[in-house]
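Let me begin by presenting the structure, written as structure tokens, before commenting on it.
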Amino acid sequence: MSEQLVPVSEIQSTDDNVPRWGMAIDLDRCTGCEACVVACHVENNIPVATEDEAAMGRSSHWIRIDRYYEGTFPDIKVKYRPVLCQQCDDAPCEPVCPVYATYQNAEGLNVQVYNRCVGTRYCANNCPYQVRVFNWFDPEWPEPLELQLNPDVSVRPGGVMEKCTFCVQRIQRGKLDAQAEDRKVGDGDIQPACVQGCPAEAMAFGDLTDPESKVSQWAGVGRSTQLLGELGTKPKVFYLEKSD
Amino acid sequence: MYLRAEFSDVEAAAAAVQTVSGAGVDKRDVEVFSARPVVFEPGILDRPSRMSLLAVFSAVVVGSGSTALMFYTQLDYPLITGGMPLNSGWATGVITFELTMLGAILGTVGVFLWESGLLRKNRSPAPAIRDDVITMQVRCDQEGAERLVRLLTDSGAITTTRVEDAS
Amino acid sequence: MTTLATTLNGPHRRVREDVLHPLEGLSFWYLASAAFFSALVVWALFAWGCQIFLGIGVAGIRRPVFWGLYIVNFVFWIGISHAGTLISAILRLTDAGWRKPVTRAAEAITVFALMIGGMFPLIHLGRVWLFYWLIPYPNDRLLWPNFRSPLVWDMTAIFTYITGSVLYLYLPLIPDLAEMASRSQGWKSRVYRLLSIGWTGSDRQWHSLERAMKLMAAMILAVAVSVHSVVSYDFSMSIAPMWHSTIFAPYFVAGAIFSGIAALILVMFALRKFLNLGRYLRPVHFHNLSKLLLLMCLVWLYFSASEHLTVWYGNEHIEMAVFNARVHGEYAPYFWLMVACNFLIPFILLGIRRLRTLGTIAVSSVAVLIGMWLERFLIVIPTLSYSALPAAWGPYEASWVELSITAGTFAAMALFYMIFAKIFPIIAIWEYDEDVSAS
């Protein structure tokens, strides 16, 4: 894990009024319960892999809990780390896509345009975090899960790449709501499904350009790190390392 | 009309070319047919060619044209690239190189087809390809034919024939 | 076919008889092997059809190994394609006289290997029916391709290379096609006549042809080097461990020439045996090529050692995971088999003069082909399998679809070559003639 931290102030912003969405995850609070994984599946219409497929490495989670074990049995310590798309500022996945299916939008999100994707899977190879998920087949859900698909999120066909969007549909909804009520988007108005679902409140989401936001506060503390930050990808997800 | 003379070896054909051109026939009116490449000494029947020059020209045109297209396309639909430049000369250099080479290859083949006369419609008649003789064909008018036949026979032609224009 | 040959003397007559004889008739064994190879190709097409209709998931690729055998085969076949054009271009530029019976056989390998290799990026696509989205043309999606992507570089490089090498094969074929037209009757003659685009053998045409071939040889050389460099950029432009390496471009080009020479030697053995061309593909050709193979074997060792030594000495933990998997982990058997095939076997068999016979040259060539295929496998798979985050490590196992398609491409190569050798003289008659006349 990297100790080198890209200061929050270096997060690029094109315009003062345009937010840079980021996330901070406090590993001290994370219990590894995987509620975020389930919430993400429900929110984003992610297909459910069968047992065989999952054993083969075909499970598709936009957020996963990486487990690292320290020590030998029985003196064993487990470290959990929820890993989702790091929404890098200098994302390695972006320049390699031949059809611009993935690019960086104005708010700093690495957006994936499903309809443009032809499935070269180059982006996934070039993602050091391995957070990109490929649709090996057309999606299927065991009954009755297909009845609860989220109408705000498109269902992806087979052969395209997909990944965490920071719940871009919720960001959009939050901005529209604020606009309708003629106010600015407040800190905490927008919550991706994983943040909302976290029972330990280990995750914070918000605008990194706003120094008062919870995510900026969290990202600024001493034990804040970036995953594989030494690669120079400038991730916008910050991990607050375990303090013990 | 054309005169055709057949020679059994390269030296005789080369001598005939020199004799005929010494007698005032333009070398552009002389053609030598053979089943395998006939190598004359330089200066006997040189064929000036602009192949290298045109290949370079074609390379420059295709290479810079495709580079211009690449730059145009990125400006035509300016995506936000997250800190990367919209147009990257280094990153598109590979394509510039490849298409420059493609231009050179296509230019060479195009000039080959043109200079060899393979693509032209108005072509002079040609003898059937024969392995055993080298055939020389000279374009001339009716008056000069007699003299040329004599010159060719003196230079060692096995046979000489007259071929009328197709038109 | 005999009318003209009677007027020719000695070697000119004999080369026509020997080279043109295999073009006549279809033997039982020819048809049987063609049927066998066709069956394999049809089976591979069926497998590809399954993949298109059921989903790319029927292949064994999975997270994190998103690129599998398809890309291995892609790199391998593009490497094989360097047999021809590159070797024939080098020999043409240096005016090596012994090249003449070899060049066309080599150039044909290039064209077919490129056709096969060029298919793999398509086979590998998740949505192959949309492959044309990589092509820049004004479209109603209002979006142009991303020219920064090494995959688009690849596409242009391979397009240039295949265009160039088809023309490079075709130009010196024209005089022979004209000769074939005058030697055959009926529809065959008409087809050959059409393909010879009005070749009459005038000195202007010979002049232009020789000039064009000299220029093409120089250009194809540059293109061939650049193509395999661009193939290597697919890997080295990424930040994956042991892919992001500056040595990759020359390493890939050297490996491509290495495997290309091996493929050429094997094809020449086949031609010599099945088409009775022993008089033209003489031991001297095999010995000369085997010396080239030995040279490239050492070049390969040099690059391979440089690559692994720097990674090992640097001891960077992300890269060491891949290095360990290759050298003494999961992929170690493949790795050491590769070292044996690419270095030990050819070095001992070809390096010791007493051991260098036609038989050992054939054995070395087979070993090199196996070794180079393994090398491509070891470049593609372990890096993906052991990516930067240990938590995301995962294995790879090819499915029947990938294996069928892989087998099918080898069959396709054999099939294409059989058909080509049945239709066109596999030795450039006029070049050989020229050689005989000169000597």
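Here, each number is a calculation from the coordinates, and none is a lab measurement. All values reported here derive from a predicted model rather than from experimental measurement. In this analysis, Cβ positions are derived from the backbone assuming ideal geometry, glycine residues included, and neighbour counts consider all displayed protein chains.
Name the most mobile residue of C:ASN276, C:ASN139, C:ASN315, meaning the one with the largest mean-square fluctuation, in a Gaussian network model of chain C with Cα contacts below 10 Å. Comparing C:ASN276, C:ASN139, C:ASN315 in a Gaussian network model of chain C, the most mobile one is C:ASN139. Based on the Cβ-Cβ distance from C:TYR170 to B:GLU146, what FRET efficiency comes out when R0 is 51 Å, to the nearest 0.05? It comes to 0.70. For A:VAL237, the amide hydrogen comes within under 5 Å of the amide hydrogens of A:MET23, counting only partners 5 or more places away or on other chains and with H modelled in the peptide plane. When the Cα positions of A:LEU109, A:CYS36, A:GLN191 are compared along the charge dipole of segment A:8-240, A:LEU109 comes out farthest toward the positive end, with charges on each C-beta of Lys, Arg, Asp and Glu. Excluding same-chain neighbours fewer than eight residues apart, the lysines reachable from B:LYS121 by a Cα-Cα span under 29 Å are B:LYS27, C:LYS188, C:LYS214. Projecting label points 7 angstrom from Cα along Cα→Cβ for C:ALA270 and C:THR357 puts them 2.5 nm apart. As an exercise, use a Förster radius of 45 Å and the Cβ-Cβ distance of C:TRP336 and A:VAL153 to find the FRET efficiency, rounded to the nearest 0.05. After rounding to 0.05, the efficiency reads 0.35.
A full extension of the chain between A:TYR68 and A:ALA200 corresponds to an added length of 45.6 nm, given 0.36 nm per residue minus the alpha carbon distance. For the residue pairs A:LYS175/A:LYS236; A:LYS79/A:LYS175; A:LYS184/A:LYS234, the C-alpha atoms sit more than 25 angstrom apart in A:LYS79/A:LYS175; A:LYS184/A:LYS234.
Taking every residue in A:165-177 and counting other chain Cβ atoms within 10 Å of its Cβ, the average works out to 0. If you run the Gaussian network model on chain C, springs between alpha carbon atoms under 10 Å, then out of C:GLU210, C:GLU319, C:GLU179 the most flexible one is C:GLU210.
Residues within the reach of a label modelled at A:GLU34 (point 7 angstrom out along Cα to beta-carbon, backbone nitrogen below 13 Å), restricted to segment A:50-70, are A:50-51, A:54-55, A:59-67.
The order of A:GLU181, B:GLU31, C:GLU316, going from fewest to most other C-beta atoms within 10 Å of their C-beta, is A:GLU181, C:GLU316, B:GLU31. The mean number of partner chain beta-carbon atoms within 10 angstrom of a residue's beta-carbon across peptide B:108-115 is 6.
Taking chain C as a Gaussian network of alpha-carbon nodes connected by springs under 10 Å, the highest mean-square fluctuation of the residues C:PHE335, C:PHE252, C:PHE66 belongs to C:PHE66.
To the nearest whole percent, what portion of all C-alpha pairs in segment A:8-240 is separated by more than 21 angstrom? Don't jump to the answer; show the numbers that get you there.
Values: 15597 of 27028 pairs.
When all Cα pairs of segment A:8-240 are counted, 58 percent exceed 21 Å.
Helix C:150-170 and the long axis of chain C differ in direction by around 10°, with both axes built from C-alpha atoms.
For the protein assembly as shown, the gyration tensor built on C-alpha atoms gives a prolate shape. Its axis ratio a/c (a ≥ b ≥ c) is at least 1.5, and a/b is the larger of a/b and b/c.
Shape call for chain C from the C-alpha gyration tensor, a ≥ b ≥ c root eigenvalues: rounded (a/c under 1.5), prolate (a/b greater than b/c) or oblate?
On the way: a/c = 1.90, a/b = 1.55, b/c = 1.23.
Taking the square roots of the gyration eigenvalues as a ≥ b ≥ c, chain C is prolate.
Applying the Karplus relation 6.51 cos²θ - 1.76 cosθ + 1.60 with θ = phi - 60° to segment A:118-123 yields 3J(HN,Hα) values of 9, x, 6, 6, 5, 4 Hz, where x marks Gly and Pro. The C-alpha atoms of chain B define a longest principal axis, and helix B:51-76 lies at about 20 degrees to it. Against chain C, whose longest principal axis comes from its Cα atoms, helix C:186-195 is set at around 60 degrees. Per-residue ellipticity at 222 nm computed for chain C from its helices equals -23500 deg cm²/dmol, with DSSP H segments shorter than 4 residues left out and the rest contributing -39,500 (n - 2.57). The protection proxy used here, the mean number of other Cβ atoms lying within 10 Å of each residue, ranks peptides C:256-267, C:287-298, C:390-401 as follows, highest first: C:256-267, C:287-298, C:390-401.
Rounded to the nearest 0.05, what FRET efficiency do B:GLU11 and C:TYR137 have when you use their Cβ-Cβ distance and R0 = 56 Å? It would help to have the intermediate numbers written out before the result.
Working: r = 57 Å, r/R0 = 1.01.
Taking R0 as 56 Å, the efficiency between B:GLU11 and C:TYR137 is 0.50.
Averaged over peptide B:37-44, the number of partner chain Cβ atoms lying within 10 Å of each residue's Cβ comes to 3. For the peptides A:214-220, C:16-22, the ranking by mean Cβ contacts within 10 Å, running from highest to lowest, is A:214-220, C:16-22. Absence of a disulfide-compatible partner, taken as no other cysteine beta carbon within less than 4.7 angstrom, is noted in chain A for A:CYS30, A:CYS33, A:CYS40, A:CYS88, A:CYS97, A:CYS117, A:CYS127, A:CYS167, A:CYS198.
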